[in-house]
1. So for the range 88-165, averaging the separation of alpha carbon pairs under 8 Å that are six or more residues apart and normalising by length, what relative contact order in percent results?
2. How much accessible surface area, in Å² rounded to 10, belongs to the heavy atoms of residue 101 with a 1.4 Å probe?
3. Against the longest principal axis of the chain, how steep is helix 152-163, in degrees 0 to 90 to the nearest 10, with axes from Cα atoms?
4. Using the Cα gyration tensor of the range 258-345, with a ≥ b ≥ c the square roots of its eigenvalues, what is the shape: rounded (a/c below 1.5), prolate (a/b larger than b/c) or oblate (neither)?
5. For the range 257-318 and the range 72-137, compute the distance between their C-alpha centroids and round to whole Å.
6. Compute the signed sum of charges (Lys and Arg +1, Asp and Glu -1) over the other residues within less than 14 Å, Cβ to Cβ, of residue 95.
7. Rounded to the nearest 10 Å², what accessible area does residue 289 show when all protein chains are kept and the probe is 1.4 Å?
8. Report the relative contact order of the chain, percent, no decimals, based on alpha-carbon pairs under 8 angstrom and at least 6 residues apart.
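The values are calculated or read from the model by the stated rules, or taken from the named source; none is laboratory data. Treat the numbers as computed from the prediction; the structure is a model and nothing was measured. Please note: Cβ atoms are built from the backbone with ideal geometry, for glycine as well, and neighbour counts cover all protein chains shown. Ligands, DNA and RNA are excluded from the accessible area calculation, which covers all protein heavy atoms including side chains. Shrake-Rupley method; radii C 1.70, N 1.55, O 1.52, S 1.80 Å.
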Amino acid sequence: MRATLMYGAGDVRVEDVPDPVLSEPTDALVRITAACICGTDLWPYGSMPAGSGPARMGHEFVGVVEDIGSEVTTVSKGDVVVAPWFISDGTCEYCREGLHTACVHGGIWGNGPHGGAQAEAIRVPFADGMLVKLPVAADSALMPSLLTLSDVFGTGHHAAVAGGVAAGSTVTVVGDGAVGLLSVLAAKRLGAERIILMGRHTARTDLGRAFGATDVVAARGQEGTALLRQLTDGQGTHVVIEAVGSRDAYDQAVGAVRRGGTISRVGVPQYEEAPIGLGSLFVGNIRLVGGPAPTRAYVGALLPDILDGLIEPGKVFDVSTDLSGVPAGYQRMADRENLKILVRP
């Protein structure tokens, strides 16, 4: 079959690789019908040392079950399924608590024995814990939105939930990438009264407004913080979602949060050193939360609104391609020509 491999920064190739096979009785084989390029894929695309690859790429997918191991009971051949971005068994103490990203048997697609989702097929370990059956046909028009349950919408929802977004909340979202835009949608869905999106790409912030943003601040740094403070009578907002993962974005979040508020960090790659002390967070009783989203825990809550047409998170996909177009797709996303690329193998 064909799959996407990254050999180093800027070097993405689609090559023939061995077909996946069942190796454990708890496995399933899935033919991938929809995958995508994620903003987090752009970090290694910009910095992966030459010679350290090849790495199998892709961690979001929807597909059709082609075969199952002898112990799999929750899905059958022919089922349309979605899988979360993080591999988890669904049974350990952390999975039972809803923190699937801490699974004792967890892993990430593309690492170790696990294939990548920018491919024609994939072996899914712990199929009963991983796969969620979708009550749609493989060619459903809902497929782009259903694909967002794998990662990007689940991550936006995690950011909003971790931040404590509720009816009447004021929210700032730092970043106009797909996670930032779907954090806007998630905050709106949870009842936020005012949502300020900090982003400077008009096509993206227009989509943010469609998702529920009431205000847009295009400026960055101190100028951006000053404008946001003006919009909030000098107070800032109850919740600030940092959806970029850079230190600059965190500093923007610190400048945007009100006293007693919460900063929720879900952007990647993050940073080890940042202000959390007396003058930055402590005196203002500001909480710092967030982390990698256990999207498997959220699928059940988010799926009905997509099926009922109440929300359309799949609007973050602004172009689609087949596998042969994936290498060029990486460059287009890196150049900010596209927001998020849907891949139909």
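1. 23
2. Result for residue 101: roughly 30 Å² accessible.
3. On a 0 to 90 degree scale, this one is about 40.
4. Numbers: a/c = 3.02, a/b = 1.63, b/c = 1.85.
Cα axes put the range 258-345 in the oblate bin.
5. Between the Cα centre of the range 257-318 and that of the range 72-137, the gap is 22 Å.
6. Details: positive: 96, 296; negative: 89, 93, 97, 128.
Neighbour charge sum, excluding residue 95 itself: -2.
7. Its heavy atoms expose roughly 50 Å² to the probe.
8. Details: 866 pairs, mean separation 64.6, N = 345.
19 percent.
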